[in-house]
Structure formats: structure tokens, C-alpha cells
Amino acid sequence: MKAGDSIYAYVLWGGGYAEYAVATEGEATAKPKSLNYIEAAAVPLVALTAWQALIDTAKLSAGQTVLIHGGSGGVGSMAIQIAKARGAKVIATASTSNQELLKQLGADVAIDYTKTKFEDVAKDVDVVLDSVGKDTLARSYGVVRKGGIIATLVAEPNQAELDKHGIRGAAISVKPNASELAEITKLIEEKKIKPVVSQVLLLTEAVKAQEQAATHHTRGKIVLKIADEPK
Ligand SMILES: NC(=O)c1ccc[n+]([C@@H]2O[C@H](COP(=O)([O-])OP(=O)(O)OC[C@H]3O[C@@H](n4cnc5c(N)ncnc54)[C@H](OP(=O)(O)O)[C@@H]3O)[C@@H](O)[C@H]2O)c1
């Protein structure tokens, strides 16, 4: 990379919600050419979270089955596409209005959690990616095959439940990683991953964005627009 190149990054400290931010070499990589800045901004945090959960932690491989809760959310929508790019079979959950989106993202099986209990459909899966927690996490232990894993973004897995089912658990805490972001960029340029942006708001509307995010029913990402696209 050289001075003046367009970059994107998940910056750990002092990033986002700002006109200027400092990113270290270990956090940033070249912005995908096929995405505009709004789309690119929707990638790093959620794609790295999905990557670190599915690839680094769960070691998801081709032919395995993964159950992705909240498949229409920021992390979930990336996770479906990353898992498909790995050659895994994907079962994903969301409410009625997001069923079509789950299919578009590549889910082999889409479950409407308002109508169907996921445990009636998903059985003996290799990996669960949980971005919902509470009752959803509590009901997930029983759908994992022995030796499989639950990676959760929102809670500490219950050790007694893990032991009872002979499975592993991990609480994910995403970290910046430029080389993983470069791998994700490659998948974007190969048209295997595309961010879902449901709303673009101004920086001055950050409170509105935060209120929407707090509903836990956001489709993909909300992006705060800081400035016009550079020429
Ligand atoms: N640990 C980490 O490093 C890390 C990193 C990133 C994010 N997170 C956390 O992970 C969570 C997910 O974040 P996010 O930005 O991807 O999305 P989010 O806004 O929390 O969730 C979005 C999606 O979850 C779906 N959803 C809500 N209730 C559900 C249920 N009971 N079953 C299945 N799906 C359900 C919604 O679909 P419907 O509208 O169709 O219900 C929505 O599309 C957040 O709590 C976030 O703070 C943690």
C-alpha cells in the first residue's frame, strides 16, 4: 500500500462515528475496488466477527453443516456467505420478512423462527453461530453433534450444557486483523461476499442508528455517512 490508497479497517480504538481515525498497519487493508465507500464501511467488523467465529474458532470445513442464528443481521449475513464460500451447508434463522434474504445470501435451509422451532429442523449440526443468545443459545446445545461446537457472540456458553452434550463452546470477541480482512476482500472481489446495507444515515443521526441497532431486528448494517465519496 502507498500514500493516498483507499483503505478500510476495523479499528479497535477511536474508530467509527468520526470524520478522522487512525488505523494501524495491522488493522487496515486495501478497500475492495468493487464496493463504494458506504458498502465497504459495512464490511470489517461483521465480516471479521463471522470469520473469527467460523474459520478461526470452529474450523468450519467443506461439507460440514452450520446453523447460523440471526442470519439476516450484520454478522449473520456475512457468516452465511463466508460459510457457503467454504463449501459448508448453511441453515439460517430469521423472522418472516427476512426469509427471502436468507435464501439470496445462499442459505440452503431458511427457518422462520416465528413459525418453526429451529431444533425441529436442524439436527446434528457441526457448528452453531449464535448472535442472539438467551433462549436461542439455551436451545442450541441439543442440535450439535458430539464433538461439534457452539460459537456465541453474546454470552458465555454454559459449561454444564456443553459437557452434557459432549460438545465445545466459545465466546467470540472480535479483534482487528489486516490479513484476514485481505482474505475477506478477496472473496468480495470474487463476488462471493456482498455486504447488506439496509440504511444510510448521516453522522448527526448516530442516535437514530443506535436506537435502530438496539432493536436487534436490523437487516444487515446501518452505515453512517461521513462525507461524499472521494473522486
Ligand atoms: N462478540 C463480538 O465480538 C461481537 C461482534 C459483533 C457483534 N456482536 C454482537 O452480536 C449480536 C449480533 O449483531 P448483529 O449486528 O449481527 O445483529 P443484530 O442487530 O443484533 O441482529 C440482527 C438480526 O438478528 C435477527 N434476530 C433477532 N431475534 C432473533 C431470534 N430470536 N432468532 C433468530 N434471529 C433473530 C434479526 O432478524 P429479524 O428482524 O428477522 O428477527 C436481525 O436481522 C449483537 O448483540 C452484537 O452486539 C458481538
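The values are calculated or read from the model by the stated rules, or taken from the named source; none is laboratory data. Keep in mind it's a predicted model, so treat the numbers as computed, not measured. Cβ atoms come from the backbone with ideal geometry, glycine included; neighbour counts cover every protein chain shown. Ligands, DNA and RNA are excluded from the accessible area calculation, which covers all protein heavy atoms including side chains. Shrake-Rupley method; radii C 1.70, N 1.55, O 1.52, S 1.80 Å.
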Test: residue in the range 39-50 that is more than 24 Å from Tyr10 (Cβ to Cβ), open to solvent by 20 Å² or more (accessible area, probe 1.4 Å) and modelled with pLDDT of 95 or more: no
Among the residues listed as Asp120, Asp130, Asp163, Asp112, the single one being in the same structural domain as Gln64 (by TED's automatic domain parsing) and closer than 19 Å to Ile55 by Cα: Asp130
Given (1) farther than 16 Å from Leu54 by Cα; (2) open to solvent by 70 Å² or more (accessible area, probe 1.4 Å); (3) within 13 Å of the ligand (Cβ to nearest atom); (4) not assigned by TED's automatic domain parsing to the domain that holds Ala40, index of the condition Arg219 fails: (4)
Single unsatisfied condition, Gly15 versus (1) assigned by TED's automatic domain parsing to the domain that holds Val197; (2) open to solvent by less than 50 Å² (accessible area, probe 1.4 Å); (3) touching a residue at least 40 places away in the same chain (Cβ under 8 Å): (3)
Index of the failed condition, Ala110 passing every other in (1) in contact (Cβ under 8 Å) with a residue 40 or more places away in the chain; (2) open to solvent by less than 40 Å² (accessible area, probe 1.4 Å): (1)
Contacts under 9 angstrom Cβ, first residue in the range 130-155 being of a type in the set (Phe, Trp, Tyr), partner not in a loop (DSSP other than H, G, I, E, B), 6 or more apart: Tyr141/Val128; Tyr141/Ile150; Tyr141/Glu161; Tyr141/Leu162; Tyr141/Lys164; Tyr141/His165; Tyr141/Gly169
Condition broken by Gly76, with the remaining ones in (1) surrounded by 22 or more Cβ atoms within 10 Å (Cβ to Cβ); (2) of a type outside the set (A, V, I, L, M); (3) in contact with a helix residue (DSSP H, G or I) (Cβ under 6 Å, 6 or more places away or on another chain) satisfied: (3)
Meets criteria (in a loop (DSSP other than H, G, I, E, B), surrounded by 18 or more Cβ atoms within 10 Å (Cβ to Cβ) and not assigned by TED's automatic domain parsing to the domain that holds Thr185) for Leu60: yes
Among (1) in a helix (DSSP H, G or I); (2) farther than 19 Å from Val66 by Cα; (3) open to solvent by less than 40 Å² (accessible area, probe 1.4 Å) - the single one Ala160 does not satisfy: (3)
Residue in the range 143-157 that is least open to solvent (accessible area, probe 1.4 Å), counting only those that are within 16 Å of the ligand (Cβ to nearest atom) and of a type outside the set (A, V, I, L, M): Thr152
Boolean, Ser97 is of a type in the set (Ser, Thr, Tyr) and free of Cβ contacts under 8 Å to residues at least 24 places away in the same chain: yes
